[in-house]
Amino acid sequence: MKKETFYKLLLFMSFILFGLVLRNIPSIPNFSSFIALTLFSGILFPKNKLAYLLPFAIQMMMDLFIGIYATDLVGYATHFITMYLSLGLIVFIGQKSTNINFLKSLVGVTVANIGFFIITNFGSWILLPQYDASINGLISSYLAALPFFKNSIISGLVFSSILFGIYKFYELKVNNTEKEMA
């Protein structure tokens, strides 16, 4: 195994641990590292399907942990379809990000959070009975989610900054190791 691959896998496993730990800490609603982590999974593995494994594995573990699948089948169907579609799109955005810098990581996580908000709340409107099948129901779905959206944006910016710093440290470590071996 090449050293660069080893370092990427080590970073990948660190991100999984980071994501699982932070997803289990009771905190401010929707203040989570998960969207930033999902974006950086795509950045870390731009041409590899392994990038999708990280967020999907964390989400599946959390679904099992909280038991969402066992309590409400309709709710879980909504969650499953919209969550995994959103995560897949966020990984894709990360994979298409080139020459990543700090500003691009912040823009990317903001776009990812907006997409996540639009997709998951649209799914809630379609599949959940508390929203009328009308434009008013759709608006109600988005309005109900707005108080949580601010925390999603703020946490995305905070955690994207942290992950970007870790990523740049990783790049420096790999480049220094390659120079030492040359």
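The values are calculated or read from the model by the stated rules, or taken from the named source; none is laboratory data. Every value quoted in this text rests on a predicted model; they were computed, and no experiment measured them. Quick reminder, even Gly has a Cβ in these numbers, built from the backbone with ideal geometry, and neighbours come from all protein chains shown.
Pairing each residue of region 150-167 that is farther than 20 Å from Ile16 by Cβ and in a helix (DSSP H, G or I) with any residue that is at pLDDT below 85 and among the aliphatic types (A, V, I, L, M), provided the two are 6+ apart or on different chains, yields C-beta distances under 6 Å for Asn151/Ile28.
Mind checking which helices (runs of 4 or more DSSP H) fall wholly inside region 1-105 and carry at least 2 residues that are at pLDDT 85 or above and either within 23 Å of Lys168 (Cα to Cα) or of a type outside the set (A, V, I, L, M) (or both)?
Working: elements: 3-23, 34-44, 50-66, 68-71, 73-96.
Per the criteria, 34-44, 50-66, 73-96.
Does Leu143 count as at pLDDT 90 or above and hydrophobic (A, V, I, L, M, F, W, C)? Taking the combined requirement at face value, the residue satisfies it. Identify, by number, the condition in (1) of a type in the set (Gly, Ala, Ser); (2) buried (at least 16 other Cβ atoms within 10 Å of the Cβ); (3) without any contact (Cβ under 8 Å) to a residue 40 or more places away in the chain that Ser134 doesn't meet. Against the list (1) of a type in the set (Gly, Ala, Ser); (2) buried (at least 16 other Cβ atoms within 10 Å of the Cβ); (3) without any contact (Cβ under 8 Å) to a residue 40 or more places away in the chain, Ser134 comes up short only on (2). Figure legend. Inter-residue proximity from region 94-112: first residues touching a residue at least 24 places away in the same chain (Cβ under 8 Å), second residues exposed (fewer than 12 other Cβ atoms within 10 Å of the Cβ), beta-carbon distance below 9 Å, spacing 6+ or different chains. Indicated pairs: Gln95/Lys47.
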